[in-house]
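J.: Got a structure for you, written out below as structure tokens; questions coming shortly.
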Amino acid sequence: SAVPDQYSRAVDWLSRYGYLPPPDPRTSKLQTKEGIEKAIRVMQRFGGVQETGLLDSETLKLMSTPRCSLPDIDGSEDMLRKRRRRRKKR
Amino acid sequence: YALSGLKWHKTDLTWSVHSYPSPSLSPGLPDNLVNSILTHAFKAWSDVAPLSFHQLPSDSRGAAAEGDIRVSFSRLYHDDGYPFDGQGGTLAHAFYPGMQEVAGDTHFDDHEIWSYGGGSINTDLFTVAVHEFGHALGLSHSSSDPSIMRPYYQGPVGDIPNFRLALDDRLAIQQLYGVKDGRPPGGDDPDLPRLPSPPPARPTQLSDPSFDDRCQGGFDAVANIRGEVFFFKGAYFWRIKQDGSLVSLNPAQIKNFWIGLPPGTNKIDAVYERKSDNKIIFFIGSQYWVFKDTVAMSGYPRPLSEWGMRTKSGVLVDKVEAAFVWAHNGKTYLFSGGEFWRFDESREGEQVTRQREEGYPRNTNLWAGVPSHIDDIISWVEGDAYFFKDNLYWVLKNGGLHQDVVTPKSIAVDWLRCPALPASPTAANPRNPKECKCDLSG
């Protein structure tokens, strides 16, 4: 299993690329374990590695692969709302 | 494929280069070769969609003209809110089409060693440019394999003149701009990108009512963590914010929030936040865990015996009933079996040293006015000590140990937003239940 430091970095990575919602200022940076596991699964499915929900070596390797800095999931509620508003205006 | 929902509403697009890779890092890429590689990267898209790209020349002073898609090689923070991170990590990004000034702009990390068909430590500019121009034209990341729009860099795509986009990428760009032979873009409704089907409706799941018993008291542990009070009961906890409001009336699952406790944890004996380094200590049975924020640190659990707590009769303590840091003196107090111990947990550099103080254990009846076997204790508001047992709590004023009268109050009403019960006789003195008490009405 991943050591805590790896865990924090992975949570940061998942947030940066759209797999986890941005931290809620009301709840600080606390995420639920189920939410993180789900995010890891989506990331694994997207990246084409085995879906385990765990920070296994294959997943950590993929997270350290050089990549484009745009998020993979950009359908956050906030963005969708903005997009809908823009479409409505048009 | 995935579309961003944005596209250019024209098919003749211009591009310009505002900075080139540093020759010191990418010596094999003179400016004219960079122009040629970028031209070919655009061509990959214009080969399959009715798009044309024209590079705008530099003016007489060498400054690049504006254009729809402005390319630059930048380092770290470069004024767009998306800093690069040195060699490796993120390689490049591009802004989706639109009306904003940055729309279409494509930035490459100038800390990378850019090359052309390069070796293992170099990054192939052509491969990354085709990907980024896909974003600049309106495509999002794709999970398909093969697709140039996969987010991860997987080495050079091969010979530039012979490169052809994969089917997934061709369908994506043709959905936005149509196919090369002049058919209308996107079929019948060109401006509406296909959206995924909505997920099936899910009924709202109500929380298990058997755990919605916050008003009944009997908490396993109570802790003041970062100024919020956590009430633990079974496999659940309630959380009270600094302003006294409940985060939710419904309990949260311990295992979903505190990561690293054993599966099936359904009772926590005591919890406290260490004063010297703000780590959070959990006691369950004869073991303890140290948490950094919400994640258990590696190397835990460890045996409670490390704390060296022996009863007056010399028996090693195998369970902690309550734990707290008394704000009055900053010392850590652990309670078990009607006795308590005091610890000094000072910090020396990065290390916290735990020292059991002389003269302990002592009898809990020194804390006059509160029950002897409490559920847990916290320091709260101006350093007062709050003792919790069943559905009542007692407050010992800051520094006070022997207070004559400590009237218990309701945990449910004062902390957990439960309705007050009809008036009942004044609670008995826990040390002397038969003692007669008078109040103003009696």
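J.: Is it the case that some residue within region B:43-53 is within 14 Å of another protein chain (Cβ to nearest Cβ), surrounded by fewer than 23 Cβ atoms within 10 Å (Cβ to Cβ) and out of contact with any helix residue (DSSP H, G or I) (no Cβ under 8 Å at 6 or more places or on another chain)?
T.: Going residue by residue through region B:43-53, those that are within 14 Å of another protein chain (Cβ to nearest Cβ) are none.
No, because not a single residue in region B:43-53 is within 14 Å of another protein chain (Cβ to nearest Cβ), surrounded by fewer than 23 Cβ atoms within 10 Å (Cβ to Cβ) and out of contact with any helix residue (DSSP H, G or I) (no Cβ under 8 Å at 6 or more places or on another chain).
J.: Just to verify a result, which residue in region B:71-119, among those that are touching a strand residue (DSSP E or B) at 6+ places or on another chain (Cβ under 6 Å) and part of a loop (DSSP other than H, G, I, E, B), is surrounded by the fewest Cβ atoms within 10 Å (Cβ to Cβ)?
T.: B:Tyr82
J.: Which of the residues that make up region B:106-120 are away from chain A (no Cβ under 12 Å) and modelled with pLDDT of 95 or more?
T.: Correct list: B:Asp110 only.
J.: Being farther than 28 Å from B:Gln242 by Cβ and either part of a strand (DSSP E or B) or modelled with pLDDT of 95 or more (or both): is that true of B:Thr353 here?
T.: On the way: farther than 28 Å from B:Gln242 by Cβ: yes; either part of a strand (DSSP E or B) or modelled with pLDDT of 95 or more (or both): yes.
Yes.
J.: Quick one: in region B:63-105, which of the residues that are farther than 16 Å from B:Ala129 by Cα, in contact (Cβ under 8 Å) with a residue 12 or more places away in the chain and charged (D, E, K, R) is nearest to the other protein chains (Cβ to nearest Cβ)?
T.: Per the stated criteria, the residue is B:Asp85.
J.: Quick one: how many residues across region B:332-350 are loosely packed, with under 14 Cβ neighbours inside 10 Å and assigned to a strand (DSSP E or B)?
T.: Looking only at that region, the number is 3.
J.: Report yes if A:Glu51 is touching a helix residue (DSSP H, G or I) at 6+ places or on another chain (Cβ under 6 Å), at pLDDT 90 or above, of a type outside the set (Gly, Ala, Ser) and surrounded by fewer than 16 Cβ atoms within 10 Å (Cβ to Cβ), otherwise no. Outline the logic, then answer.
T.: Working: touching a helix residue (DSSP H, G or I) at 6+ places or on another chain (Cβ under 6 Å): yes; at pLDDT 90 or above: yes; of a type outside the set (Gly, Ala, Ser): yes; surrounded by fewer than 16 Cβ atoms within 10 Å (Cβ to Cβ): yes.
The answer is yes for A:Glu51.
J.: Hey, could you check region B:259-274 for residues that are over 19 Å from A:Leu54 (Cα atoms) and either surrounded by fewer than 16 Cβ atoms within 10 Å (Cβ to Cβ) or of a type in the set (S, T, N, Q) (or both) and say which is modelled with the highest pLDDT? Working first, answer last.
T.: We begin by selecting, within region B:259-274, every residue over 19 Å from A:Leu54 (Cα atoms); these are B:265-274.
In the following step, the residues that additionally are either surrounded by fewer than 16 Cβ atoms within 10 Å (Cβ to Cβ) or of a type in the set (S, T, N, Q) (or both) were identified as B:265-267.
Working: B:Thr265: 90, B:Asn266: 90, B:Lys267: 93.
Going through the qualifying residues, I end up with B:Lys267.
J.: Checking the conditions here, which among B:Ala296, B:Ala270 is within 10 Å of chain A (Cβ to nearest Cβ), closer than 20 Å to B:Val229 by Cα and in contact with a strand residue (DSSP E or B) (Cβ under 6 Å, 6 or more places away or on another chain)?
T.: Values: B:Ala270 fails: within 10 Å of chain A (Cβ to nearest Cβ).
So the residue among B:Ala296, B:Ala270 that is within 10 Å of chain A (Cβ to nearest Cβ), closer than 20 Å to B:Val229 by Cα and in contact with a strand residue (DSSP E or B) (Cβ under 6 Å, 6 or more places away or on another chain) is B:Ala296.
The values are calculated or read from the model by the stated rules, or taken from the named source; none is laboratory data. It should be emphasised that the depicted structure is a prediction, and the values quoted were computed from it without experimental measurement. Because the Cβ atoms are built from the backbone with ideal geometry, glycine has one as well, and the counts that use them run over all protein chains shown.
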